[in-house]
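In what follows, a structure is listed as structure tokens, so that the remarks can point back to it.
The values are calculated or read from the model by the stated rules, or taken from the named source; none is laboratory data. Since we're looking at a predicted model, the values are computed, not measured. Note that we place each Cβ from the backbone using ideal geometry, even for glycine, and neighbour counts take in every protein chain shown.
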Amino acid sequence: MAAKRLNMRKRYELLTRGLGWEPTYQDKEKVFSNETYEGIKITNWDKWEDPFRLTADAYWKYQAEKDKKLYAVMDSFAQNNAHLNVSDASYINALKLFIQGVTPLEYQAHRGYARLARQFSGEGAQIACQMQSIDELRHAQTQIHTLSHYNKHFNGMHDPFHMHDRVWYLSVPKSYFDDAKSAGPFEFITSVSFAFEYVLTNLLFVPFMSGAAYNGDMATVTFGFSAQSDESRHMTLGLEIIKFLVEQHEDNLPIVQGWIDKHFWRAYRVLGLVSMMQDYMLPESPMSWKEAWDIYFVENAGALFNDLSRYGLRMPKYHEQATLEAEHLSHQVWGIFYNYIHAAAFNIGLPTEKKMDWLSEKYPNTFDQHYRPRIDMWREMEKDGKRFFNMGLPQLCQVCQIPMGFTEVAKDDPMQIAYRVSNYQGEKFHTCSDGCKDIFDNEPEKYVNAWLPVHQIFQGNCGGAEIPDIMKWYHFRPEDGGDYNGSADQKHWQEMRGETKQTDTPSEPVQASA
Amino acid sequence: MSENKVFMIFQDTADARPFVDAFEQENPEASLDYQPGMVRIDAMGELSISQAVVSELAGRDVDLQELHLTLVSLSGNVDEDDEYFKITRQ
């Protein structure tokens, strides 16, 4: 007779309790040297409660199953040339932004959680972080593998990790993760597991993947939802760490709240790229950024922080501003890319009439009033052969690294660009918002070291002074950027689909010195 | 109104169906929203399923942790054991 199977609670306890030991050759503080320097006080790691009680054998079994399902879809996708079934090749540009901007973050997260698994002294937290570290590596790998099929047919996806480390718009997601990774372990986990994964990640994956489904991209839906199935576990880790920290010691509360404020704003700024993708880059959009924000932030985070108020935690600072900006964000970010698309490795273009009407409908308070006139003007200019490309280099926010294009929405002056300035050691540092300024002022010694792409170009560190030199240093090829209309991808798409060639000629940016 | 809302999102696939159907059956107050590729289940305060019902719907003995295979997202506090899975918010 086989022994009766242990119940889930017991199995999990055996995996995560009593496996550690008190070191004798070295001081415990030396072995876990990262655990104390942030001022966080842990009195008893045994109080750690794991919401998902996954044992190692269950973990491997389910992860293997997920990969098997994913690879079956990827195989049949490639076999059937299913890239030809997406709504339009302009959709692929969302995938370019994804592999350049998001996939390298998965790899960064893998490294970050590996460090946490080593540095936390509680076994429950070690195991959760170890599993997450492996998950994140799986995400990076499956994303690269899935998108490699698109890379055979479309431009801009050939060297995402190199680009991620150098390119101006990719320094936005990169600098956020660098910021978290260069912090202590508790700040890292509060940032990535809680502020990003629990509070905001639904805004990245759910509309993105639903958008992929809506645009006929089965491969992306599958890798996205496969990654997201791990994400649910990561989100519960984020919630658990917050509750654990504030329950361990009252001194932890103000530290944790400060991190929530900071990383909410950091992560929110990164998601500006997602807002553009959702509203402007998907030929068919299932949901607007504003709608997604209302469901996944206003409603969901509202309920979450209501729940957390018993621990003394409140909503992140400037969340009201982010909500007010939800009606402006995608239009402003897209406007920045319209100016600089000649220096990017994806294509965009003016929204179609159908898309313009959709934007009017989804943004009744802002689109017709503020953003339609600008697009109409740009359309007129294009018709006259005067497509506007911005040949200057923009001023960047010292913290989020986004070109200064956000406006004073919270001050009811939505057409006035917001500038903030701080003085530190006799120098001026510019930020795009009160949120970014607060972050700078709190740790100026950290942010004065920011690697700002524009400054680096001016300092001569980016391959040269002319745009083609810089593009080469980014590993961009001439056909990677610019307007979608007349692009190499559009031409190739029409050929692959056997459609008649369009006679559109691309607008060529005039090469000027930087 | 949304003070204590909880939700579960699953992929809209055959593997997820016994779980989604169990949530629907065992939580009469819950509302289901089908979006491209996924289905979202919302309720106030609590959503729960039992191993017995999921197994009955699947026609086989289901380990509730199989929900990891098709879960997309969730919101609320998780409580799980061999016989049940629950997500709550007071």
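What single numbered condition from (1) surrounded by 18 or more Cβ atoms within 10 Å (Cβ to Cβ); (2) farther than 18 Å from residue A:173 by Cβ; (3) in contact (Cβ under 8 Å) with a residue 24 or more places away in the chain fails to hold for residue A:468?
The one condition residue A:468 does not meet is (1).
Can you tell me which residue within region A:277-323, out of those that are among the acidic types (Asp, Glu) and closer than 25 Å to residue B:36 by Cβ, is modelled with the lowest pLDDT?
Ranking the candidates gives A:284 first.
Restricting to region A:191-237, count the residues that are of a type in the set (Asp, Glu), within 23 Å of residue A:129 (Cβ to Cβ) and more than 9 Å from every other protein chain (Cβ to nearest Cβ).
Looking only at that region, the number is 1.
List, please: which pairs have Cβ atoms under 8 Å, are six or more places apart or on different chains, and start with a residue in region A:128-149 that is within 27 Å of residue A:239 (Cβ to Cβ) and end with one that is in a helix (DSSP H, G or I) and among the polar types (S, T, N, Q)?
A:132/A:193; A:134/A:63; A:135/A:63; A:138/A:63; A:139/A:103; A:140/A:103; A:142/A:226; A:143/A:103
Inside region A:385-503, counting only helices (runs of 4 or more DSSP H) that do not spill past its ends, which hold 2 or more residues that are closer than 25 Å to residue A:95 by Cβ?
Passing ranges, in order: A:467-473, A:488-496.
Look through region A:75-86, keep the residues that are out of contact with any Phe, Trp or Tyr (no Cβ under 8 Å at 6 or more places or on another chain) and assigned to a helix (DSSP H, G or I), and return whichever of them is surrounded by the fewest Cβ atoms within 10 Å (Cβ to Cβ).
Only one residue tops the list, namely A:79.
Output the residues belonging to region A:290-304 that are facing chain B (nearest Cβ under 8 Å) and closer than 16 Å to residue B:9 by Cα.
A:299, A:300
Matching residues to (1) more than 9 Å from chain A (Cβ to nearest Cβ); (2) surrounded by fewer than 19 Cβ atoms within 10 Å (Cβ to Cβ):
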| site | (1), (2) |
| --- | --- |
| B:3 | no, yes |
| B:17 | yes, yes |
| B:32 | yes, yes |
| B:69 | no, no |
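Does any residue in region A:51-68 that is touching a residue at least 24 places away in the same chain (Cβ under 8 Å) and within 10 Å of another protein chain (Cβ to nearest Cβ) come within less than 7 Å, Cβ to Cβ, of a residue that is among the basic types (Lys, Arg) and part of a helix (DSSP H, G or I) six or more places away or on a different chain, and which pairs are these?
Pairs found: A:52/A:233; A:53/A:9; A:55/A:11; A:63/A:138.
What number of residues within region B:71-90 satisfy the criterion of being within 11 Å of the chain's Cα centre (by Cα), more than 7 Å from chain A (Cβ to nearest Cβ) and closer than 24 Å to residue A:227 by Cα?
3
Residues A:313, A:304: which one is in contact with a strand residue (DSSP E or B) (Cβ under 8 Å, 6 or more places away or on another chain) and among the aliphatic types (A, V, I, L, M)?
On the way: A:313 fails: in contact with a strand residue (DSSP E or B) (Cβ under 8 Å, 6 or more places away or on another chain).
Of the residues listed, the single one that is in contact with a strand residue (DSSP E or B) (Cβ under 8 Å, 6 or more places away or on another chain) and among the aliphatic types (A, V, I, L, M) is A:304.
Tell me whether region A:87-104 contains one or more residues that are part of a loop (DSSP other than H, G, I, E, B) and aromatic (Phe, Trp, Tyr).
no
If a residue has to be in contact with a Leu (Cβ under 8 Å, 6 or more places away or on another chain) and not in a loop (DSSP other than H, G, I, E, B) to count, how many in region A:305-330 make the cut?
Here the count works out to 2.
Which condition does residue A:242 not pass, out of (1) more than 14 Å from chain B (Cβ to nearest Cβ); (2) within 26 Å of residue A:123 (Cβ to Cβ); (3) crowded, with 24+ Cβ neighbours inside 10 Å; (4) of a type outside the set (S, T, N, Q), if it passes all the others?
It is condition (1) that residue A:242 fails.
To keep it simple, each residue is scored yes or no on (1) at pLDDT below 95; (2) crowded, with 24+ Cβ neighbours inside 10 Å.
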| residue | (1), (2) |
| --- | --- |
| A:133 | no, no |
| A:160 | no, yes |
| A:183 | no, no |
| A:189 | no, yes |
| A:199 | yes, yes |
| A:210 | yes, yes |
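Which of the residues spanning region A:358-390 are in contact (Cβ under 8 Å) with a residue 60 or more places away in the chain and surrounded by 17 or more Cβ atoms within 10 Å (Cβ to Cβ)?
A:358, A:359, A:362, A:363, A:387, A:389
Among (1) modelled with pLDDT under 95; (2) surrounded by fewer than 19 Cβ atoms within 10 Å (Cβ to Cβ); (3) more than 13 Å from chain B (Cβ to nearest Cβ), which single condition is residue A:94 missing?
(2)
State the number of residues belonging to region A:44-69 that are over 20 Å from residue B:87 (Cβ atoms) and either assigned to a loop (DSSP other than H, G, I, E, B) or touching a strand residue (DSSP E or B) at 6+ places or on another chain (Cβ under 6 Å) (or both).
2
Is it the case, given these coordinates, that residue B:40 is in contact with a Gly (Cβ under 8 Å, 6 or more places away or on another chain), at the interface with chain A (Cβ under 10 Å from one of its Cβ atoms) and either of a type in the set (D, E, K, R) or under 30 Å from residue A:216 (Cβ atoms) (or both)?
No, not satisfied.
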